Amino acid sequence: VEPPQALVEACRSGNGVLFLGAGFSTAAAFPNWRQFVTNLMMWGEAAAGISSRLMDSLWRAAKEGDFDLVADGLVSELQGEGKLAAVQEYMRRVFGKVPELTPRHLLLRRLPFSAALTTNFDTLLEQTFPDAADRVLTPHEADRLLDCVAQRQFFIAKLYGSLDRPETLLISPSQYRDVLA
């Protein structure tokens, strides 16, 4: 399938914005959203002591494919129990490894994007675009993001936060909505 000509021209002129979701990092052995939430449920049940009643409800929601609802339920419960730091540590174990770049990531280096936006927690984009190390931004840094846009500086927007700044991590859709509100 041939990409739309307008997209090709935007990329050639440096006006294309790269958007990557979790599926792109699966080639580097990172979990996609469904896998991550499922693993988080298993961790929450074993390590965080979430009640069996809540877990039964979350497993039913997962069976229906409603992983956003499951993430919201887990975060709400763990936040109420004061266990978000443990979740952040779990996430560092899952996403903190630094694998070799995939051929896909190496290909991305050759394209002149104006920005990269990702919902991923891993650091593959930071490795892919090392010159942007001082411009890895989260939703908590909207002013810096706008400055990069105004100055036409390439940046990486980690839409769900950055592992190296645990206070920025957004694990559930409700947390994300709260930041944008």
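The values are calculated or read from the model by the stated rules, or taken from the named source; none is laboratory data. The model shown is predicted, which means the values in this text are computed figures rather than measured ones. A quick note on method: Cβ atoms are made from the backbone with ideal geometry, for glycine too, and the neighbour counts reach across all protein chains shown. With ligands, DNA and RNA removed, areas are computed over all heavy atoms of the protein, side chains included. Shrake-Rupley method; radii C 1.70, N 1.55, O 1.52, S 1.80 Å.
Restricting attention to region 109-134, which residues are assigned to a helix (DSSP H, G or I) and more than 19 Å from SER162 (Cβ to Cβ)?
ARG109
I need the full set of residues from region 60-88 which are under 15 Å from the mean Cα position of the chain (by Cα) and either open to solvent by 20 Å² or more (accessible area, probe 1.4 Å) or free of Cβ contacts under 8 Å to residues at least 40 places away in the same chain (or both), in order please.
Passing the criteria: PHE67, ASP68, GLN88.
Kindly list the number of the only condition in (1) in contact with a Phe, Trp or Tyr (Cβ under 6 Å, 6 or more places away or on another chain); (2) modelled with pLDDT of 95 or more; (3) not in a helix (DSSP H, G or I) that fails for CYS148.
Unmet for CYS148, out of (1) in contact with a Phe, Trp or Tyr (Cβ under 6 Å, 6 or more places away or on another chain); (2) modelled with pLDDT of 95 or more; (3) not in a helix (DSSP H, G or I): (3).
Given the structure, is ALA115 free of Cβ contacts under 8 Å to residues at least 60 places away in the same chain and either within 19 Å of the chain's Cα centre (by Cα) or closer than 22 Å to PHE19 by Cα (or both)?
Answer is no for this residue.
Restricting to region 93-115, what's the tally of residues that are farther than 16 Å from ALA28 by Cβ and surrounded by 15 or more Cβ atoms within 10 Å (Cβ to Cβ)?
3
Where the second residue is surrounded by 15 or more Cβ atoms within 10 Å (Cβ to Cβ) and at pLDDT 95 or above and the first is closer than 19 Å to VAL17 by Cβ and lies in region 98-112, which pairs have Cβ atoms under 6 Å and are six or more apart or on separate chains?
Cβ pairs passing all conditions: HIS105/LEU124; HIS105/THR128; LEU108/THR128; ARG109/THR128.
List pairs: first in region 135-147 and within 15 Å of ARG165 (Cβ to Cβ), second of a type in the set (Gly, Ala, Ser) and not in a helix (DSSP H, G or I), Cβ under 7 Å, 6+ apart or cross-chain?
Sorted first by the residue in region 135-147, then by its partner, the pairs are VAL136/SER162; LEU137/ALA157; THR138/GLY161; THR138/SER162; LEU145/ALA157.
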